[in-house]
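For reference, the structure is listed below as structure tokens.
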Amino acid sequence: MSYTLSTEEHNELIHILRVLKKQVEEMLKFSSDILLIWQKNEITDWLNFIVEHADIEELKSLEKEVNKMFFEKFNVRIESSNLDNVRLETFEQFICRLHEILH
């Protein structure tokens, strides 16, 4: 039997990723740091995936990928700005919320 996210949960995760993407795009207006470019590309891929998938088992694979990328690559300060702090907070919010919903 396959379990799926509720519409509310699905929309919440999509919303958080969209906010995160906008934050990274805003930062890219002032910085050309390669980590931001990679992050924007990853977020776009994750957003495309999550829009198309609501199955909990499929999203568990996304959770693993997001955690890996965040803790290995993206959990660093890129800029000494408030927007960078907000970016990290939003990223952590997505990771926590995804985990809460899936487990």
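Every read-out reported here was derived from the displayed coordinates using simple, explicitly stated rules and does not represent laboratory data. If you're wondering where the values come from, they're calculated on a predicted model, not measured in any experiment. Glycine gets a Cβ as well: all are built from the backbone with ideal geometry, and neighbour counts include every protein chain shown.
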For the chain, what is the calculated [θ] at 222 nm in deg cm²/dmol (nearest 500), taking -39500 (n - 2.57) for each run of four or more DSSP H residues and dividing by its residue count? -25000 deg cm²/dmol
For GLN93 and GLU65, calculate 0.36 nm times their separation in residues minus their Cα-Cα distance, and state this gained length in nm to one decimal. 8.5 nm
What number of lysine-lysine pairs in the chain show an alpha-carbon separation below 16 angstrom, given a sequence spacing of 8 or more or placement on distinct chains? 8
Just to verify a number: FRET efficiency for LEU35 and TYR3, C-beta to C-beta distance, R0 = 41 Å, to 0.05? 0.75
Given R₀ = 25 Å, what would the calculated FRET efficiency be for GLU100 paired with GLU52, taking r from the Cβ atoms and rounding to 0.05? 0.70
Among the trypsin sites (Lys or Arg not before Pro) in the range 5-34, which ones are in a DSSP loop with at most 13 other Cβ atoms within 10 Å of the Cβ? Mind listing them? LYS29
If I fit a long axis through the Cα atoms of helix 7-28 and take the longest principal axis of the Cα atoms of the chain, what angle between them do I get, 0 to 90°, rounded to 10? 10 degrees
List the relative contact order of the range 7-102 as a percent without decimals, with contacts defined as Cα pairs under 8 Å and 6+ residues apart. 42 percent
